[in-house]
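The values are calculated or read from the model by the stated rules, or taken from the named source; none is laboratory data. Because the structure is predicted, anything quoted here is derived from the model rather than measured. Cβ: placed from backbone, ideal geometry, glycine included. Neighbour counts: every protein chain shown. The protein model used for the area step is the full one, side chains on, heavy atoms only, and it has no ligands, DNA or RNA in it. Shrake-Rupley method; radii C 1.70, N 1.55, O 1.52, S 1.80 Å.
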Amino acid sequence: MIPTPALIPTKRTYAGVFFITLATLMFEVLLTRIFSVTMWYHFAFVAISVAMFGLSVGATLVYLFPKYFTPERAKEHMARFSQFFALAAITSFLAHVTVPFIPERTLAGIASIVFTYAVIAVPFVLSGICVCLALTSFPQQIGKIYAADLTGAAMGCIVLLYALDVTDAAGAVFVVAFLASLGAVCFGSETQSRRLRSAWMDSAFFLILVCAQTGSAWINHPMIRLMWSKDDQGLIPLYEKWNSFSRIRVLGNGDVPTQTFGWGLSANYDPKPMRQLSLDIDSNAYTVLTHFDGDFKPLDYLQYDVTNVVYQVRPNASVLIVGAGGGRDVLSALSFGAKSVVAVELNPNILKMLNVRYGDFTGHLDRMPGVRFVNDEARSYVARSSEHFDVIEISMIDTWAATTAGAFVFSENGLYTLEAWRSFIDHLTPQGILSVSRWSFQEESGEVYRATALAGAALRQRGIQDVRNHLVIIRRNGPRVVHGIPLGIATMLIGRQPFSSDDLNKLEDVSRKMGFEILLSPRFTADPIFAALAAGDIPQKSSANVPLNLAPPTDDQPFFFFTLRPTDLWNLKLWKSPVFTVNLDAMFVLAVLSVTVIVFTVLCVLLPLFFAGQGSAMRGAVPLLTFFAAIGAGFILIELSQMQRLMIFLGHPSYALSVVLFVLLISSGLGSFCTGRFTRNGSDNGAIVAPLMPLLIVLCLFGPLTPYALSHFASSTTPVRILVAGAILFPLGFFMGMPFPMGMKLASSKSPALTPWLWGVNGATSVCASVISAIIALVAGISAAYWTGVCCYFIAVVAISVARMGAPQRAESTLVA
């Protein structure tokens with residue numbers, strides 16, 4: 001059938017699809033950044049689930065109301081719902097940042113999670129309607145439409161990087177609304193509606209909002225400020241700056257001395273007030289900016305901090321500091337006479353804040369002799385470096401904040417894996433020491449236990465068998481109290497060579513004077529679990545019969561901070577222990593979110609489709625349903641697993657975001673565009689299945705190839721690593737972009753009225769896969785999530801082979817009232 005003029009897409013149609021999908025993905029990724037500030041780190045991946053759920057519901061509505069969403073009015077509806085999306089993005093954002101979020105294991109906490117999910121999903125429902133209409137109203141041009149869709153989505157992640165460098169979160173939301181309104185302008189220009197043809201006025205309004213918010217943010221008085229963020233509601237910062245992977249703030253009064261800050265100051269030190277400013281990252285990671293005028297005498301307290309005990313045996317050292325932060329660790333090294341200090345900091349905004357904006361206050365540490373600041377990810381920098389250091393210090397470095405990669409951040413951290421510590425040990429001088437400081441409850445030392453197992457495994461892989469002679473752990477007991485339980489700081493010293501008698505004598509002497517406790521040394525152990533872990537024996541239970549996962553984290557399972565097992569969610573004894581609050585909250589959120597996703601998907605997508613399908617049509621469409629469900633789950637599983645793999649390889653979160661999403665989406669768009677030559681005729685069954693076979697081959701090849709390539713090029717320069725990542729991702733994306741348009745072409749020839757349903761089912765399984773991927777990675781590893789995605793594509797090939805052999809169905813007579 002020759003389509004009517006109204007159903008022929010023009011350049012403006014493609015442009016409209018480009019802008020609406022650009023705005024949609026930009027908003028989705030932006031939410032990961034906002035969630036990591038307003039909520040906790042383990043909520044970041046919710047954005048992907050919310051987005052896919054909303055898009056699926058939008059497709060379902062198109063299917064359920066065919067009399068309203070008629071083909072003749074497709075462009076009018078696309079214009080109108082693009083406008084609605086722009087308004088809803090702003091409204092849902094304002095609702096989220098003004099309504100308190102309660103991350104507790106209570107009914108109120110469950111209601112808070114469900115409310116947040118529902119409110120944030122609204123804009124994506126509207127976008128889903130628009131995108132579904134575009135993908136189902138022009139069956140003869142589905143490849144080109146889908147290519148415009150993926151290209152717009154790819155550009156969304158790039159635009160966000162620059163938007164957050166220029167403005168703040170609220171300003172970026174206004175940018176999303178502006179871009180969505182440009183889609184409305186493109187669609188509306190092809191309609192007869194006077195209101196839709198003047199949609200440019202909405203664009204002008206949103207552009208004014210962008211400029212007003214950006215300008216006011218530059219002078220630190222933004223029109224809209226995120227006030228409800230974790231536990232610090234109502235605080236007005238001295239300075240605030242966003243970028244694509246953090247929000248940093250400076251708080252306090254630098255002219256008024258306050259209590260001296262130290263992670264683990266000795267109880268024998270009498271603290272004196274100091275001029276300090278607070279620095280926080282995403283309202284959770286915390287350090288200080290210390291006033292420094294070149295005189296080290298007021299900084300004598302640094303000599304009494306357990307995190308600096310390494311300098312008692314390695315003074316005058318060449319030092320590498322992981323995470324420069326507010327410069328405290330740099331001052332510590334210099335106060336002990338370090339001959340050189342290299343401070344590596346991932347966030348360029350922190351370096352600008354430390355050395356430029358507040359440089360006069362902090363003493364311009366970047367100008368100190370022998371001090372060098374490097375803007376890079378520490379692990380990647382060390383892997384590329386030819387330098388060796390007397391001391392490598394990792395002092396209380398956490399990754400609680402989510403990156404804009406959108407992957408599930410269940411306390412992953414590439415600094416605390418077996419591969420990372422091997423690299424750090426390899427870059428020590430013969431007498432060098434790796435110093436790592438972590439929290440330690442007196443009742444239970446999960447992080448320190450696991451770090452001990454990690455250190456032992458890393459040393460053994462370096463050919464060292466007498467691990468105990470290379471390890472010392474010293475703890476400052478209870479400088480803080482959390483839920484009534486003393487929370488201390490433990491510092492682990494890992495020597496490349498065995499510690500000498502002189503080293504051990506000095507450490508024992510310092511510990512006595514400072515009141516520190518030696519937990520493990522070549523001479524002594526305060527807890528037999530430490531000795532067992534160092535020897536490579538991973539006990540199944542720790543003190544008080546508390547189950548812990550103490551296996552050394554690897555790049556495939558980089559969940560260092562998550563020391564519980566998923567089954568421990570049902571252990572009621574643990575719920576009463578404040579020691580495991582963070583881990584239990586994360587597991588609780590994952591469980592509630594999983595149930596929420598499944599229930600919402602069933603109620604809002606699958607049940608309406610099932611009842612509207614009237615049974616018989618659905619049974620006849622089972623192969624097609626299976627195909628679209630499988631490719632939806634497969635794409636997300638492979639996308640997220642590759643994203644998690646490459647996050648560590650590329651080091652910088654913005655690189656991972658740019659490379660993974662951009663290359664996958666661009667290559668998928670190109671693959672979709674190329675499907676036209678295979679599916680000129682929807683009934684050409686052989687041509688539909690043939691391109692899927694290379695996809696299976698590529699997936700099976702790149703599964704084992706990716707870890708090998710990442711290991712081989714780990715020490716390469718950043719441009720080389722980006723090229724390697726692109727070379728890995730491009731073939732995957734190219735072939736993964738083909739199944740959807742080919743399946744839609746086949747569906748339109750057999751059951752045209754089913755196409756919105758199939759689009760909705762595809763999105764529904766993508767929603768569930770975004771949660772399932774996190775669970776699989778946590779339990780079995782990132783590679784297991786990848787191979788699960790590969791299995792989904794094998795199922796898809798079988799399903800499409802069955803579907804192409806079935807007779808065309810007259811779904812119109814049974815599905816449309």
In the range 511-537, residue modelled with the lowest pLDDT [restricted to those that are part of a loop (DSSP other than H, G, I, E, B) and crowded, with 17+ Cβ neighbours inside 10 Å] = ASP527
Residues of the range 176-196 that turn out to be under 25 Å from LEU94 (Cβ atoms) and not hydroxyl-bearing (Ser, Thr, Tyr), as a count | 10
Positions within the range 393-425 being over 12 Å from ILE494 (Cα atoms) and modelled with pLDDT of 85 or more, in sequence order = SER395, MET396, ILE397, LEU415, TYR416, THR417, LEU418, GLU419, ALA420, SER423
Condition check for ILE425: part of a helix (DSSP H, G or I) and closer than 24 Å to ASN316 by Cα = yes
If only one of ALA753, ALA727 is open to solvent by less than 30 Å² (accessible area, probe 1.4 Å), part of a helix (DSSP H, G or I) and at negative phi, which one is it?
-> ALA753
So, first residue among the basic types (Lys, Arg) in the range 311-334, second residue in a loop (DSSP other than H, G, I, E, B), Cβ within less than 8 Å, six or more apart or across chains; the pairs are ARG328/PHE261
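Table: residues versus (1) part of a helix (DSSP H, G or I); (2) open to solvent by less than 30 Å² (accessible area, probe 1.4 Å); (3) out of contact with any Ser or Thr (no Cβ under 8 Å at 6 or more places or on another chain); (4) modelled with pLDDT of 80 or more.
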{"residue": "VAL579", "(1), (2), (3), (4)": "yes, yes, yes, no"}
{"residue": "LEU590", "(1), (2), (3), (4)": "yes, yes, yes, no"}
{"residue": "THR601", "(1), (2), (3), (4)": "yes, yes, no, no"}
{"residue": "MET618", "(1), (2), (3), (4)": "yes, no, yes, no"}
{"residue": "LEU637", "(1), (2), (3), (4)": "yes, yes, no, yes"}
Residue within the range 791-801 that is at pLDDT 90 or above and in contact with a Pro (Cβ under 7 Å, 6 or more places away or on another chain) present = yes
Can you work out which of the residues in the range 666-723 that are touching a Ser or Thr at 6+ places or on another chain (Cβ under 7 Å) and surrounded by 20 or more Cβ atoms within 10 Å (Cβ to Cβ) is modelled with the highest pLDDT?
-> ILE666
In this structure, does LYS67 turn out to be out of contact with any strand residue (DSSP E or B) (no Cβ under 8 Å at 6 or more places or on another chain), part of a loop (DSSP other than H, G, I, E, B) and modelled with pLDDT of 85 or more?
-> yes
Identify all residues within the range 425-447 that are within 20 Å of PHE499 (Cα to Cα) and touching a Ser or Thr at 6+ places or on another chain (Cβ under 8 Å); write none if there are none.
-> HIS427, THR429, SER435, VAL436, SER437
Total residues in the range 305-327, condition part of a helix (DSSP H, G or I) and open to solvent by 10 Å² or more (accessible area, probe 1.4 Å) | 1
From (1) in contact (Cβ under 8 Å) with a residue 60 or more places away in the chain; (2) surrounded by fewer than 17 Cβ atoms within 10 Å (Cβ to Cβ); (3) assigned to a strand (DSSP E or B), pick out the condition that doesn't hold for ASP293.
-> (3)
Flag for CYS211 being at pLDDT 90 or above and either part of a loop (DSSP other than H, G, I, E, B) or open to solvent by 40 Å² or more (accessible area, probe 1.4 Å) (or both) = yes
Pairing a residue in the range 341-367 that is outside any helix (DSSP H, G or I) and open to solvent by 20 Å² or more (accessible area, probe 1.4 Å) with any residue that is at pLDDT 95 or above and of a type in the set (Phe, Trp, Tyr), where Cβ atoms lie under 9 Å and the two sit 6 or more apart in sequence or on different chains, gives GLY363/PHE292; HIS364/PHE292
Enumeration of residues in the range 276-290 that are in contact with a strand residue (DSSP E or B) (Cβ under 8 Å, 6 or more places away or on another chain) and open to solvent by 50 Å² or more (accessible area, probe 1.4 Å) = TYR286
Please specify each residue of the range 538-554 satisfying the condition of being out of contact with any strand residue (DSSP E or B) (no Cβ under 9 Å at 6 or more places or on another chain) and modelled with pLDDT under 90.
-> ILE538, PRO539, SER542, SER543, ALA544, ASN545, VAL546, ASN549, LEU550
Could you tell me whether any residue of the range 374-385 is in a strand (DSSP E or B), of a type outside the set (Asp, Glu) and open to solvent by 40 Å² or more (accessible area, probe 1.4 Å)?
-> yes
Give the residues of the range 175-196 that are open to solvent by 10 Å² or more (accessible area, probe 1.4 Å), modelled with pLDDT of 90 or more and not aliphatic (A, V, I, L, M), sorted by residue number.
-> PHE178, CYS186
Here the qualifying pairs (Cβ atoms under 9 Å; residues six or more apart or on different chains; first in the range 504-528 and without any contact (Cβ under 8 Å) to a residue 40 or more places away in the chain; second open to solvent by 60 Å² or more (accessible area, probe 1.4 Å)) come out as LEU504/ARG523; GLU508/ARG523; GLU508/PHE524; THR525/ARG468
How many residues does the range 730-750 hold that are within 22 Å of the chain's Cα centre (by Cα) and surrounded by fewer than 24 Cβ atoms within 10 Å (Cβ to Cβ)?
-> 1
THR429 vs. criteria within 35 Å of the chain's Cα centre (by Cα) and open to solvent by 10 Å² or more (accessible area, probe 1.4 Å) | yes
Test: ARG73 is part of a helix (DSSP H, G or I), of a type in the set (D, E, K, R), modelled with pLDDT under 90 and surrounded by fewer than 19 Cβ atoms within 10 Å (Cβ to Cβ) = yes
Is the range 158-167 home to any residue that is modelled with pLDDT of 90 or more and not in a helix (DSSP H, G or I)?
-> yes
Specify the residue that is modelled with the lowest pLDDT; the eligible residues are those in the range 219-240 that are open to solvent by less than 50 Å² (accessible area, probe 1.4 Å) and touching a helix residue (DSSP H, G or I) at 6+ places or on another chain (Cβ under 6 Å).
-> SER229
Result of the Cβ filter at 6 Å on the range 699-727, keeping first residues that are within 13 Å of SER783 (Cβ to Cβ) and partners that are modelled with pLDDT under 85 and surrounded by 14 or more Cβ atoms within 10 Å (Cβ to Cβ), at least 6 apart or interchain, is LEU710/PHE649
Would you confirm whether any residue within the range 762-769 is out of contact with any strand residue (DSSP E or B) (no Cβ under 8 Å at 6 or more places or on another chain), open to solvent by 10 Å² or more (accessible area, probe 1.4 Å), among the aliphatic types (A, V, I, L, M) and outside any loop (DSSP other than H, G, I, E, B)?
-> no
